[in-house]
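Asker: Have a look at this one before I ask anything.
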Amino acid sequence: MIIALPKKFFYSVGDRDMAFIENNILYVEGRVNFEDLMYSITYSLKGYNRCKYCGRELLRNKRTLDHMYPKYFGGVSIPDNLVPSCPSCNSKKSCLTSQQFYHWRSIQSTDKRERVFKKMLEQNMRKIKNGILLPKEWITYYDISKVIEEISFEEVSKAKEANERVEMFYFQYQHYSKPIIVSNNGWVFSGFHILYHAKRHSIKNVPAIVLENVVHLSH
């Protein structure tokens, strides 16, 4: 997947952890927090002055980024899935997709809104039980033997609640609720608990979003 990027961008955390764009490629060096980086890129790309949903002006201390495919249902933090939003719209949208939210906003009756909201959440739950809610064209299946890791799985194993959620979901539905996120050269940015589960259970391929225009530079 080629994610949306601004033409120019520079991001730095300390002396050696940074990210920059050159010739439409995002280069990430060191251990930059991936979600913070994606948020910064999204604001650089899409601005932060107006709410995507209601058009309201966004004040500095009253702006958020909304996941168009909701995070609760496996929505990932990449610019293609993030939009500037006011806290009110972000809260009302909750676990709906953007398309669902636009439809919900068009309904005038309060009673009907409640019924439609509940129905939409049920639809999303059914979809995630049968697969991943994200667009199919974003997802590929990735051979985990090709990933580059700089994380201790001993540390990952200590996050018992996160690991149990992955374990229970996979046990029930025999698939993962979201993809891992990997750079073009195999660096894992997100999804370590899924990788931990896959390695423990000898699962060779996992759903992944491979960022074709993102390269990780090791120190």
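Values in this text are rule-based calculations from the coordinates and carry no lab data. Nothing here was measured: the structure is a model prediction, and the numbers come from that model. Quick reminder, even Gly has a Cβ in these numbers, built from the backbone with ideal geometry, and neighbours come from all protein chains shown.
Asker: Which is farthest toward the positive dipole end of the range 1-119 among TRP104, PRO70, LEU26, measuring Cα position about the Cα centre, with Cβ charges +1 (Lys, Arg) and -1 (Asp, Glu)?
Answerer: So the residue furthest toward the plus end is TRP104.
Asker: Amide H neighbours of SER190 under 5 Å, counting only residues 5+ apart in sequence or on other chains, H built in-plane at 1.01 Å?
Answerer: For SER190, the qualifying residues are ILE181.
Asker: Using all Cα-Cα distances in the range 136-211, what percent lands in each 5 angstrom bin from 0 up to the longest?
Answerer: Here the calculated profile for the range 136-211 is 3, 15, 31, 26, 18, 6, 1.
Asker: When Lys and Arg each count +1 and Asp and Glu each count -1, what net charge do the other residues less than 11 Å away from LEU134, Cβ to Cβ, add up to?
Answerer: Once all neighbours under 11 Å are counted, the net charge is +1.
Asker: Where in the chain are the DSSP H helices whose alpha-carbon span along the long axis reaches 24 Å or more and whose Kyte-Doolittle mean is at least 0.5?
Answerer: Correct list, ordered by number: empty.
Asker: What is the range 79-155 by shape, rounded, prolate or oblate, if you read a ≥ b ≥ c off the alpha carbon gyration tensor as root eigenvalues and call it rounded for a/c under 1.5, prolate for a/b larger than b/c, and oblate otherwise?
Answerer: Prolate shape, in that a/c is at least 1.5 and a/b is the bigger ratio.
Asker: Also, quick follow-up: For ILE2, ILE21, ILE181, what ranking results if the residue with the fewest other Cβ atoms within 10 Å of its Cβ goes first?
Answerer: ILE2, ILE21, ILE181
Asker: Moving on to the next point. Using Cα positions and a limit of under 18 Å, work out the lysines in reach of LYS199, with same-chain residues fewer than 8 apart set aside.
Answerer: Cross-link targets: LYS146, LYS158, LYS160, LYS178.
Asker: So for the chain, Kirkwood radius off the Cα pairs, Stokes-Einstein at 20 °C and 1.002 mPa s: how many µm² s⁻¹?
Answerer: For these conditions, the coefficient is 114 µm²/s.
Asker: Any idea how far the Cα center of the range 77-131 sits from the one of the range 186-212, in Å?
Answerer: The range 77-131 and the range 186-212 have Cα centres separated by 28 Å.
Asker: May I ask for the net charge around ARG165, where only other residues with Cβ less than 15 Å from the Cβ of ARG165 are counted and Lys, Arg are +1 while Asp, Glu are -1?
Answerer: +3
Asker: State to the nearest 20 debye the size of the charge dipole of the chain about its Cα centre, where the only charges are +1 on K and R beta carbons and -1 on D and E beta carbons.
Answerer: It works out to roughly 1220 debye.
Asker: Counting just the Cα atoms, what span does the range 18-114 cover along each of its three principal axes? Round to the nearest Å and put the largest first.
Answerer: Principal-axis extents of the range 18-114 (Cα, largest first): 51, 28, 23 Å.
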